[in-house]
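Report on the following structure.
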Amino acid sequence: MTHVEQAERDAHGRWRRGSGNPAGRPRGTKNRRPRRRPGDRERVAEWTEHDWRVFYRRMFQDADGGPAQKHGAAWAECTGLWLLLNLPSQRPGLCAYCGKTLDVPLSSMNGAPIRIDGAWVHWTCLPWFSRARWDTAKMALQRLGIPEQAF
């Protein structure tokens, strides 16, 4: 070891605190893995509250119209994306809303199953299921800091 290295290392040969590693990478060099940009759509499943707010602001800026119309368009984009990422749970053969069997013998049009948001529901359960999904998305976006009505 040279005299300079001995001054920067302790008795056990470890670098002293705050001395830096002269053999390490030069100051100012970047990490090999770049920092994740907020609102990066490739990693949407890992988004934080900050990422959702960035996405909302970008959609707001890209929308046409007045402030209320821009908010509506941005909020609709956020809601649609949230609904795509958070599919409803369903047990096989059962309605995702009421939990009753889908294959009703001699079912009428009202009991016919229909697929929506990746789940099967009865035709009569469809409006209630849609409203429940909408309300869930609205509450989730409010928790993420995106209000339903801003203007």
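Every number here is computed from the coordinates shown, using simple stated rules; none is lab data. This one's a predicted model, so the numbers in the text were calculated from it and none came from an experiment. Neighbour counts run over all protein chains shown; Cβ positions are idealised from the backbone, glycine included.
Net charge in the neighbourhood of Cys95 (other residues with Cβ under 12 Å of its Cβ; Lys, Arg +1, Asp, Glu -1) is +2. Summarising the amide proton neighbourhood of Trp120: residues at separation of 5 or more, or on other chains, whose placed amide H is nearer than 5 Å comprise Ala96. What does the charge count around Gly72 come to, taking other residues whose C-beta lies under 12 Å from its C-beta (Lys +1, Arg +1, Asp -1, Glu -1)? That works out to -2.
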